[in-house]
Amino acid sequence: MSRIRKISKSPSKDRKNYFLVDASFLAEKHLPIETGTTDEVKKRIRECKKWWKEIDRQVSEGKARIYIPDVCIAEAFKVLAKKFYSEKSFVEYSGYKKAKDALSDDVTITAKELKKQNRRIRYHDLPTTRDVVIAVDRFYELFAKNNHNVGVIDLLIVANAKYLMDFHDALRSQIHIITFDKPLRDGTKGIAELPNAYYPGEDNDTFEKVFKS
């Protein structure tokens with residue numbers, strides 16, 4: 001039986017959507033579309049922004065949470081730096097700085113905000129615990145058996161998805177992995193215990209096809 005690859009636009013507050021995002025998806029949220037070096041990359045950035053608009057709306061309404069491994073936050077800044085220094089995606093330094101500052105503002109929360117009774121924490125960072133490290137080793141074998149070459153950070157993402165299911169009682173159907181790594185997206189399809197992974201920008205993972213009312 002094939003998986004249902006849909007995400008609700010109207011989850012209940014006691015059955016939230018949990019979005020587990022990778023570094024590139026977080027970084028490209030803050031890229032101007034014109035920084036795309038090809039039509040394919042421009043399409044991906046455009047889709048990324050559509051997805052983020054919906055995710056941010058759900059978070060602001062208390063119907064979703066965003067989780068990200070702590071190392072991915074550092075990796076997101078590296079993604080932006082690489083686009084400026086190596087890929088030359090930004091014409092001027094000012095554009096790179098604007099994107100970097102926007103990312104910094106997005107992931108930062110002040111002590112004043114944290115003290116509020118009805119605080120809204122946008123990103124929940126996930127530490128690399130013993131249970132996550134153990135799962136990384138196991139998932140590496142499962143991905144390798146299916147000929148999917150994924151890196152350590154990708155494995156941390158799926159290990160954290162399993163951690164949320166095992167220790168935070170999140171249902172697999174509540175968790176949605178969002179990535180710009182195709183081997184990670186494709187590899188999860190062959191591992192029944194893992195939630196769905198999506199690659200915004202691919203024809204089957206466009207905003208219109210994935211999100212349902």
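Given the conditions (1) over 15 Å from Phe180 (Cα atoms); (2) touching a Phe, Trp or Tyr at 6+ places or on another chain (Cβ under 8 Å); (3) open to solvent by 10 Å² or more (accessible area, probe 1.4 Å); (4) touching a residue at least 24 places away in the same chain (Cβ under 8 Å), report the number of the one that Phe84 does not fulfil.
(4)
Just to check your reading of the model, which residue among Leu164, Leu171 is farther than 14 Å from Gly187 by Cβ, open to solvent by 50 Å² or more (accessible area, probe 1.4 Å) and aliphatic (A, V, I, L, M)?
When all the criteria are applied, what remains is Leu171.
Those residues that are farther than 14 Å from Ser24 by Cα, in a helix (DSSP H, G or I) and open to solvent by less than 60 Å² (accessible area, probe 1.4 Å), I need them from the range 51-69; list them, please.
Within the range 51-69, Glu54, Ile55, Asp56, Gln58, Val59 meet the criteria.
Of everything in the range 155-213, what is acidic (Asp, Glu) and over 18 Å from Ile4 (Cα atoms)? Give them in sequence order.
Asp166, Asp169, Asp181
Given the conditions (1) open to solvent by 70 Å² or more (accessible area, probe 1.4 Å); (2) at pLDDT below 90; (3) aliphatic (A, V, I, L, M), which single one is not true for Val152?
(2)
Can you tell me which of Val150, Val133, Val107 is over 19 Å from the mean Cα position of the chain (by Cα) and hydrophobic (A, V, I, L, M, F, W, C)?
One residue alone meets the criteria, Val133.
Residues checked against (1) touching a residue at least 40 places away in the same chain (Cβ under 8 Å); (2) under 18 Å from Ser173 (Cβ atoms):
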residue: Asp39; (1), (2): no, no
residue: Lys53; (1), (2): no, no
residue: Val59; (1), (2): yes, no
residue: Ala64; (1), (2): yes, yes
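Cβ-Cβ under 7 Å, sequence separation 6+ or interchain: first residue in the range 7-36 and within 11 Å of Lys83 (Cβ to Cβ) and free of Cβ contacts under 8 Å to residues at least 60 places away in the same chain, partner part of a helix (DSSP H, G or I) and not small (Gly, Ala, Ser). Which pairs?
Gly36/Lys42; Gly36/Ile45
For (1) among the small types (Gly, Ala, Ser); (2) without any contact (Cβ under 8 Å) to a residue 24 or more places away in the chain; (3) closer than 21 Å to Arg119 by Cα, each residue gets a yes or a no:
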site	(1), (2), (3)
Tyr67	no, no, yes
Val71	no, no, no
Phe77	no, no, no
Gly95	yes, no, no
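For the range 133-172, enumerate the residues that are outside any loop (DSSP other than H, G, I, E, B), farther than 24 Å from Lys13 by Cβ and in contact (Cβ under 8 Å) with a residue 40 or more places away in the chain.
If the condition is that a residue be outside any loop (DSSP other than H, G, I, E, B), farther than 24 Å from Lys13 by Cβ and in contact (Cβ under 8 Å) with a residue 40 or more places away in the chain, then Phe139, Leu142, Phe143, Ile153, Asp154, Leu156, Ile157 are the ones that fit.
The values are calculated or read from the model by the stated rules, or taken from the named source; none is laboratory data. Keep in mind the model is a prediction, meaning the values are calculated, not measured. Note that we place each Cβ from the backbone using ideal geometry, even for glycine, and neighbour counts take in every protein chain shown. Ligands, DNA and RNA are stripped out before the accessible areas are found, and what is left, the full protein with its side chains, is counted by its heavy atoms. Shrake-Rupley method; radii C 1.70, N 1.55, O 1.52, S 1.80 Å.
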